[in-house]
Amino acid sequence: MNDRIDDTAHYRTLDAAHHIHPFSDMGALNRAGSHVIVRADGVYLWDSEGRRIVDGMAGLWCVNVGYGRRELAEATFAQMNMLPYYNTFFKTTHPPVIELSALLAELTSFERFLYCNSGSEANDTALRVVHRYWALQGKRDKRYVIARKNAYHGSTIAGTTLGGMDYMHEQMPSPVEMPSPVAHVAHIDQPYWYGEGGAASVEDFGIERARQLEAKILELGADHVAAFIDEPFQGAGGMIFPPPGYWREIEALFRADAWARGRGRRGFGRGKGGGLFVGVERGHVVCLRVSMVCPSKRIRRASPRPCREYALLSSDAEHQTSFNPLRSRP
Ligand SMILES: Cc1ncc(COP(=O)(O)O)c(C=O)c1O
């Protein structure tokens, strides 16, 4: 037991000296000392003092198959020995990325997939895809992305700009609602009935909040709106599930015209029918067709999007270059 406590003190000292934690008050954390996790199996974690803990948060909502899965360790080991890394920038590809993409196409209603390192990066990429898409259509004025207050879309500059959490914007040099080099973002209210519903019935409140999207589009002008970004339910915002009817109202807006979410009446996605489960309301899941889905940690490194935009972007080398900033280097 003493050994374990010594380990804890040792790790805490080194952690305080050399490691900066994200989303943390480092002064307070270093004074209190970090919680050192040393091992995991199934749904359990063990800390440096030998305590077993149920990992109710599944890592950071991303360990969705549990810890200690031998088949994943063995597959990773085999691949690390065979081909640990290669890029796909320069006309190359490799079996793991091909096979994963084909599998995802089988499992989802999307056909093509672009890989990033995180959900933040996926949303950043989605933003660039949306702007590029409208530019290729000759509609460069379609710059605004409508997002929701208290939304979380990641921790990059684009992610925090799209997100609607005030304390994250305090770190930004310019007000988020103003046009910025990153994005023109306009926010509408969140569908949080418990916190903001007042005397309204839950259904009426959901409809009112959904219709704010239409009102915002009319305010900005449909010709200026490029996309609407949302979370199926607000995770970081407080596990907020919209009232029943909210997503159906949003979906009705998409069907009514062609500006939001970057898709038109026909829809871009040529999925195998049925769309994708992307709306989660209180009590049930709603199936909506969308142009892009950016998983965060859940499908780590995956950013699927349907084929029509992809075809547009990949049909022209110049577009590829401007789409990917790394390729823009001289
Ligand atoms: C809805 C949503 N979008 C984006 C992100 C950012 O993903 P990542 O942490 O992988 O950068 C998260 C992370 O939890 C998220 O919940």
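Every number in this text was worked out from the coordinates using simple rules, so none of it is lab data. Quick caveat, the model's predicted, so the values are computed rather than measured. Note that each Cβ is placed from the backbone with ideal geometry, even for glycine, and that neighbours are counted across all protein chains shown.
With a ≥ b ≥ c the root eigenvalues of the C-alpha gyration tensor of region 2-61, is it rounded (a/c under 1.5), prolate (a/b larger than b/c) or oblate? Present the calculation step by step, with values, prior to reporting the outcome.
Values: a/c = 2.58, a/b = 1.24, b/c = 2.09.
Note, shape of region 2-61 comes out oblate.
For residue 36, which sequence-distant residues (separation of 5 or more, or a different chain) have an amide H within less than 5 Å of its own amide H, given hydrogens modelled in the peptide plane?
For residue 36, whose amide H was placed from the backbone, the distant partners under 5 Å are 48.
Quick one: what are the phi-derived ³J(HN,Hα) couplings along region 192-208, Karplus 6.51/-1.76/1.60 with θ = phi - 60°, whole Hz, x for glycine and proline?
Taking θ as phi minus 60°, the curve returns 9, 5, 4, x, 10, x, x, 8, 5, 5, 4, 5, 4, 5, x, 5, 4 Hz for region 192-208.
What is the fewest-to-most order of 61, 46 by other Cβ atoms lying within 10 Å of their Cβ? Display every interim value, and only then the final one.
Values: 61 12, 46 15.
By the 10 Å Cβ count, ascending, the order reads 61, 46.
Taking H as built 1.01 Å from N, whose amide H comes closer than 5 Å to the amide H of residue 228, not counting residues under 5 places away?
Those lying under 5 Å, H to H, from residue 228 are 146, 261, 262.
Please sort 47-59, 224-236, 86-98 by packing, taking for each peptide the average over its residues of neighbouring beta carbons within 10 angstrom, highest first.
224-236, 47-59, 86-98
Output wanted: per-residue J couplings in Hz (rounded whole) for region 64-78, from phi through Karplus 6.51 cos²θ - 1.76 cosθ + 1.60, θ = phi - 60°, x for Gly and Pro.
After applying 6.51 cos²θ - 1.76 cosθ + 1.60, I find 7, 10, x, 8, x, 7, 4, 5, 6, 5, 5, 5, 5, 4, 4 Hz.
Amide H to amide H, which residues 5 or more places from residue 184 or on other chains are under 5 Å from it, using H placed in the peptide plane?
145
Take the alpha-carbon centre of region 38-103, take the same for region 178-252, and report the distance between them in whole Å.
If you average the Cα positions of each part, the centres end up 35 Å apart.
Counting other C-beta atoms within 10 Å, which of 294, 287, 116 has the fewest, and how do the rest follow? Please report the intermediate quantities before stating the final value.
Numbers: 294 26, 287 13, 116 19.
The fewest-first ordering by Cβ neighbours comes to 287, 116, 294.
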